[in-house]
Amino acid sequence: MRSGTGKLAEARSSWADHLGVDEPELLEFLGCFQIRHGQSEREWRERVQDAAAGARLRTDDAAVVVGLQQVRDWVKAPRRAFSASDLAATIDELGLRVPATRALLVAQMLERNPRAEAATYSIDWFNLLAGEDPRSRRTFADPAAADRILADLATARSRLRAANLHDVEVDGPMRLPLWFTIGTQLGATAGFTLRARAGGELWSSTTTPAIDVPLDLLLPDNDSDFPVGRPWVVSVSLSIDIADDVDEYVAHALPGVGHLRVRVPEPGPAALTGAAHARAVAIKLRDELRILRRRLRPSELHLFLALPGAGALLLGHVWDRMPATWTYWDLGQPGQYARAVRVVN
């Protein structure tokens, strides 16, 4: 092959083109290539099991037998070409795939998500919001939709558990109250691990939290704003400082309710630097609120959020042993909000 001319040279060139390499690389490969025809049935089964494990297919003896029989049937049948999708379909028909250990939950609310077709579990909330343009879809068309949200998530939780799927990636698109609510309904105490994309990263609830992250919890100067047993307003300013907007809303919608301001030193789009930082902020906020709760016993919380969706998911994931919590839609105008979903732990 190396010194061949004529048809051999044409075959050498065609073979190299087919493999996407140059001819010296092809000849180097052929110099190392051996056909080993003396291996036992047991050795071949081991090789099949290794390949199957890498392809996330079953490796048990029964699965190998099924796969071998399919190949025998193909060999006996008339010659045929198979595409990747043909092989994938056959693998599915034979039940040879290993069940996914990580589920994908897609909640479509602002607009359609193409990942929904391949999701382990998909929830369609598109018609629950008023409006057509995703930028203006900011409130429920019917307030009763909040009950539908919680019912759908209860069903998702049951079905994921039944399928033994507890590691769940969540995708939207959604607004912050829904990210937070999903986090609470598939929370740590329910036995779920959650993940979501933030920029180019996948933030996970299993990430080890960063140490000593700065987080300010600012109470009003007047302690009488937080009498024992009364509701609280909690604004979480991470992506942008929303405290003044929340104050404006609270003045007419929740008069007399004390406002607890939570913020990082410099709110902004990059205030959370990654999953470790987001986890640390979520856990620190929850722990600080628990300390205050033991002393002041709030009847409920009114939660206003400004942080990435993945951050809201991670916050909801650890939101246990907390009072009943109202989340709020940001209506896109200064000082304008509307109630979204009430979460009860």
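For helix 243-253, what angle does its Cα long axis make with the longest principal axis of the chain, in degrees from 0 to 90 and rounded to 10?
60
For a footprinting-style exposure proxy, rank Trp15, Trp329 by other Cβ within 10 Å, fewest first. List each step's numbers first, then the result.
Working: Trp15 15, Trp329 21.
The most exposed by this proxy come first: Trp15, Trp329.
Going from the alpha-carbon gyration tensor of the chain, what semi-axes, largest first and in whole Å, does one get by taking the root of 5 times each eigenvalue? Can you show the working numbers first?
Working: eigenvalues 624, 99, 81 Å².
Taking √(5λ) for each Cα gyration eigenvalue gives 56, 22, 20 Å.
Go ahead and run the numbers for FRET between Val75 and Ala11, Cβ-Cβ distance against an R0 of 30 Å, rounding to 0.05. Before the final figure, lay out each step's value.
Details: r = 25 Å, r/R0 = 0.85.
Computed FRET efficiency for Val75 and Ala11: 0.75.
Compute the acute angle (0 to 90°) between the alpha-carbon long axis of helix 61-76 and the principal axis of greatest extent of the alpha-carbon atoms of the chain; round to the nearest 10°.
Orientation of helix 61-76: about 50 degrees from the principal axis.
How many angstrom separate the Cα center of the stretch 161-203 from the Cα center of the stretch 1-19?
After rounding, the separation between the Cα centres reads 54 Å.
Which FRET efficiency, nearest 0.05, do Ala84 and Met1 yield, Cβ-Cβ r, R0 30 Å? Display every interim value, and only then the final one.
Working: r = 30 Å, r/R0 = 1.00.
Approximately 0.50, to the nearest 0.05.
Quick one: length gained pulling His252 to Leu292 fully straight, 0.36 nm per residue minus the C-alpha distance?
Values: separation 40, 0.36 × 40 = 14.40 nm, distance 2.53 nm.
Contour length minus the Cα-Cα distance gives 11.9 nm.
How far is helix 23-32 tilted off the main Cα axis of the chain, in degrees rounded to 10, range 0 to 90?
80
Just so you know, all these numbers are worked out from the coordinates, no wet-lab data involved. Values in this document were obtained by computation on a predicted structure and should not be read as measured data. Counting neighbours? That spans all protein chains shown, and the Cβs are built from the backbone with ideal geometry, glycine included.
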